[in-house]
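Right, one structure below, let's go through it.
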Amino acid sequence: MTAVSTPPGATRLGVVATEAAACTRCRLSEGRTNVVFGMGNATADLMIVGEGPGKREDELGLPFVGRSGKLLDELLAEINLSREANVYIANVVKCRPPGNRDPREDEIESCKPYLREQLTLVDPKVVLTLGNFASKLLLRTTTGITRLRGHAYPWWNRHLVPTFHPAAALRGRAQVLEDMRYDLGLVRAILAGESGESGEAGEAQGDGPGEAAKGEAAPEGSELVEADIDAAARQGQLDLL
Ligand code: URA
C-alpha cells in the first residue's frame, strides 16, 4: 500500500485554520457567521490575497464565492489556473466587516499573524493582491492600486503582482477588466519562467523569484525601495507584513 503524505506546510495550515475558527482577537468575531480562513492548494505557486469576506463568503466560510469570485475564477481559467488545483486564496481579514466596510487598523493587526502564517506555509512563487487594501498593505506603500498595478515587484524573494479587485471590474469600466487581464498575464509569465521582456507580459522582468522587475523604479510616493526590501527580507530584518 502506498502511503499518502501530506506536506508539513499543509498540516500546519490546517492547525492554524482550526485556531482561527475560534478566534476572538477583534470585534469582527462578534458579527461573523463563519471565519473565512482560505482555500485551495496549500502548496500552490500562486497565492491570491483579497481584502475580507463579503456576505456570501461569511455564509459559506469560503473566500471569493460571490460575483467577484466568479469573475476571479474566469480570469484564472484564462491563464489555465483553477483555485482548487493551482491557487491558494486568502484575505487580509478573515471575518466579514459589518456592512462590507473597510477593515480597521486594529482588525488588520489582529488578523496579520494568520496571513503571515499562510504566506510562509504556502510559500508561493507569486502573490497576487486584489485591490487597494491588500496591495498597499503587503507592499507597505501609500500608492494606490491604479499606479501600482501593471508591474511585478520583488517581494520576500518572490514576486508580488498587484491588480484591481474584481469588484472594481464588475462595477467599473471595461478597461479595468483589460488591466486585470494584463496583470494576470504577468502572473502567467512569471509562473512559466518567462522573462517577460520579449513576451506578452511586458514588464515582469527577471528569471526567478526575487529577480522580478529589477531596475524598475519604485512607484512615486511609495515607502518601499525594492532593492532594500529584498535585501532586508533576506536578512530577516523585516516582518513579512
Ligand atoms: N472580496 C474580498 O476581498 N474577499 C472575498 O473573499 C470576497 C470578496
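Readers should treat all values here as calculations from the given coordinates under stated rules, not as data from a laboratory. Owing to the predicted nature of the structure, the values given are computational and were not obtained by experimental measurement. All Cβ positions, even for glycine, are placed from backbone atoms using ideal geometry, and neighbour counts span all protein chains on display.
Taking the centroid of alpha carbons for each part, segment 119-166 and segment 57-78 are 19 Å apart. Extending 7 Å from the Cα toward the beta-carbon at both Glu74 and Leu170 defines two label points whose distance is 1.1 nm.
A simple spin-label model places pseudo-atoms 7 Å from Cα toward Cβ; at Ala10 and Tyr182 they are separated by 3.7 nm. Taking a ≥ b ≥ c as the square roots of the eigenvalues of the Cα gyration tensor, segment 6-154 is rounded, since a/c falls below 1.5.
Length gain on complete extension for the stretch Glu59 to Thr146, per 0.36 nm per residue less the alpha carbon to alpha carbon distance?
That works out to 28.2 nm of additional length.
An oblate overall shape is assigned to segment 98-197, the ratio a/c of its alpha-carbon gyration tensor axes (a ≥ b ≥ c) being 1.5 or greater and a/b not exceeding b/c.
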